[in-house]
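Peer 1: Quick one: the structure is below, questions incoming.
Just so it is clear, none of the values below were taken in a lab; they were calculated from the coordinates. Worth saying up front: this structure is predicted, and the values here are computed from it rather than measured. Note that we place each Cβ from the backbone using ideal geometry, even for glycine, and neighbour counts take in every protein chain shown.
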Amino acid sequence: MSGGEFYRASSVQEALDLLAKYGAKAHVLAGGTDIMVKVNRRQLAPEVLVYIGECGLNYIKDLGDKVVIGGATPFAEILRSDVVKQKLPLLAEAVKHIGTPAIRNVGTIGGNLVTASPAADSSVPLLALGASVKLASKSGERVVPLEAFFKGPGETVRKPDELLVEVIIPVPDKDVKFAYHKIGRRKAGTLSVVAGAVIFKAEGGAPRGTAIARDQACYFEKCSQARVVLNAVAPTPLVAKKASALLEGSALDAELIAKVAKTAAEETSPIDDVRASAWYRRQASEGLVKSLLERIVA
Ligand SMILES: Cc1cc2nc3c(=O)[nH]c(=O)nc-3n(C[C@H](O)[C@H](O)[C@H](O)COP(=O)(O)OP(=O)(O)OC[C@H]3O[C@@H](n4cnc5c(N)ncnc54)[C@H](O)[C@@H]3O)c2cc1C
């Protein structure tokens, strides 16, 4: 980078003052694992960089029924957090599969969401858990459900003078079932070809080993609060609404599992890219959702 101005904000207020002053000329710098790649490839030449790694946005707060994570919290800290392990195991599981230890040491949750890659891996558990983001500017704050945050590849509803200050995650009930899996071209240190999560609250489960469970007549009498989420298969991370609706209020059996998986795949609109073809991604989406549901009932 040459010719630009660099500011190291020592408080959120200072960062917001700088963003208000420079508007679209300013770019936020957190871990730099996305933005500096673009700068190094000469795809971006920021006039002003505002570093937010030391402005007090690195924290994880347990507020009882929700967990609040500061926008500049690196993934490594999220992985180390006992609060996240105990209250948000789905997030803990997904974060393990983001990048490499070096990337997780600096890459932040806010940076991952604002980059708005269709393959952003933190988006999968966060959408499944019904998270929101808090955006702050000099003129105030607003809370946006994550589902309404992404607009397209690299595009969000964030305005140039806004900082993503917090991710707010409701803590799911203890009896909520979930499963997560990421398919990449390698087992580790790889971007998603497709990653997915399924979450729902189950009522009336058949005890393992009973005739009803063995016959697969019905695994759970009723599913509620259901969400099926996939990434890297649409312009934005995707909540598969039709597939989620099929689960909602329904008894879960093998037939429904197959139907939910097929419906989720039909909701995708993948593209061919260097990591996989659109055809493969759609097939993988169906297989992935099916295996997540089977893992939950196993
Ligand atoms: C080798 C490698 C492997 C990777 N593997 C993965 C992977 O497996 N999964 C995955 O999802 N991603 C992966 N990434 C992408 C990247 O590491 C993540 O998206 C990371 O979370 C970005 O966070 P950051 O703090 O580094 O963001 P930065 O690069 O600092 O910023 C990214 C963008 O967000 C803006 N921004 C950052 N924080 C804020 C904020 N709080 N408020 C407003 N704007 C903000 C910046 O201006 C910039 O536009 C990988 C990257 C590399 C280089």
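Peer 1: What fraction of the DSSP beta bridges in the chain is antiparallel, stated in percent and rounded to the nearest 5?
Peer 2: 85
Peer 1: Through the Karplus equation 6.51 cos²θ - 1.76 cosθ + 1.60, θ set to phi - 60°, convert the phi angles of the range 243-256 into ³J(HN,Hα) values in whole Hz; use x for Gly and Pro.
Peer 2: Result, rounded to whole Hz: 5, 5, 5, 5, 6, 4, x, 9, 7, 9, 9, 4, 5, 5.
Peer 1: Ok, one more. How many percent of the alpha carbon pairs in the chain exceed a separation of 35 Å?
Peer 2: Summing the P(r) of the chain above 35 Å gives 21 percent of all pairs.
Peer 1: Cα-based Rg of the range 176-297 per 2.2 N^0.38 Å, rounded to two decimals?
Peer 2: Scaled against compact globular proteins, the figure is 1.08.
Peer 1: In degrees, nearest 10, range 0 to 90: what is the angle between the Cα axis of helix 12-22 and the longest Cα principal axis of the chain?
Peer 2: The answer is roughly 70 degrees.
Peer 1: Kindly give the semi-axes, whole Å and largest first, of the ellipsoid equivalent to the range 134-177, taking each as the square root of 5 times a Cα gyration tensor eigenvalue.
Peer 2: After diagonalising the Cα gyration tensor, the semi-axes are 25, 15, 6 Å.
Peer 1: Let me ask something else. Please figure out what share of the DSSP beta bridges in the range 5-51 is antiparallel and state it in percent, rounded to the nearest 5.
Peer 2: Given both bridge residues lie in the range 5-51, the antiparallel proportion sits at roughly 0 percent.
Peer 1: Separate question: Restricting to DSSP H runs of at least four residues, report the calculated mean residue ellipticity at 222 nm for the chain, -39500 (n - 2.57) per run over all residues, nearest 500 deg cm²/dmol.
Peer 2: Calculated mean residue ellipticity at 222 nm is -9000 deg cm²/dmol.
Peer 1: Tabulate in residue order the Karplus-calculated ³J(HN,Hα) for the range 189-195, using 6.51 cos²θ - 1.76 cosθ + 1.60 with θ = phi - 60°, rounded to whole Hz; enter x for Gly and Pro.
Peer 2: Using θ = phi - 60°, the values come out as x, 9, 7, 5, 7, 7, 10 Hz.
Peer 1: Then there is this: Can you give me the Rg/Rh ratio for the range 60-170, using Cα atoms for both radii and the Kirkwood formula for Rh?
Peer 2: 0.94
Peer 1: Please give the length that would be gained between E294 and W279 if that part of the chain were fully extended, namely 0.36 nm times their separation in residues minus their C-alpha to C-alpha distance (nm, one decimal).
Peer 2: 3.1 nm
Peer 1: What residues have an amide H closer than 5 Å to that of A240, excluding those fewer than 5 places away on the same chain, when H is modeled at 1.01 Å from N in the peptide plane?
Peer 2: Under 5 Å from the amide H of A240 lie the amide H atoms of V228, V229, L230, each far enough along the sequence or on another chain.
Peer 1: Taking 7 Å along the Cα-to-C-beta vector as the label spot, tell me the D173-A251 distance in nanometres, rounded to one decimal.
Peer 2: 2.0
Peer 1: Non-local amide H neighbours of V48 (under 5 Å, H modeled in plane, Pro and chain starts lacking H): which ones?
Peer 2: Hits under the 5 Å cutoff: E5, H27.
Peer 1: Right, something else. Could you tell me how many degrees, from 0 to 90 and to the nearest 10, lie between the Cα long axis of helix 278-297 and the main elongation axis, the longest principal axis, of the Cα atoms of the chain?
Peer 2: Tilt relative to the chain: about 60 degrees.
Peer 1: With 10 angstrom as the radius, rank Y22, Y219 by how many other C-beta atoms surround their C-beta, starting from the fewest.
Peer 2: Y22, Y219
Peer 1: What are the principal axis extents of the Cα atoms in the range 5-51, in Å, biggest first?
Peer 2: The Cα atoms of the range 5-51 stretch 31, 19, 13 Å along the principal axes, largest first.
Peer 1: Report, as a whole number in µm² per second, the diffusion coefficient that Stokes-Einstein gives for the range 4-93 at 25 °C and 0.890 mPa s using the Kirkwood radius over alpha carbon pairs.
Peer 2: For the chosen part, D equals 168 µm²/s.
Peer 1: Also, quick follow-up: Please turn the phi angles of the range 28-35 into ³J(HN,Hα) values with the Karplus equation 6.51 cos²θ - 1.76 cosθ + 1.60 (θ = phi - 60°), one per residue in order, whole Hz, x for glycine and proline.
Peer 2: 6, 10, 10, x, x, 6, 9, 5
Peer 1: Among R186, R104, what is the fewest-to-most ranking by other Cβ atoms within 10 Å?
Peer 2: R186, R104
Peer 1: Also: Report, by chain and number, residues whose modeled amide H sits under 5 Å from the one on K66, excluding near sequence neighbours (fewer than 5 apart, same chain).
Peer 2: Sorted by chain and number, the residues that satisfy this are V171.
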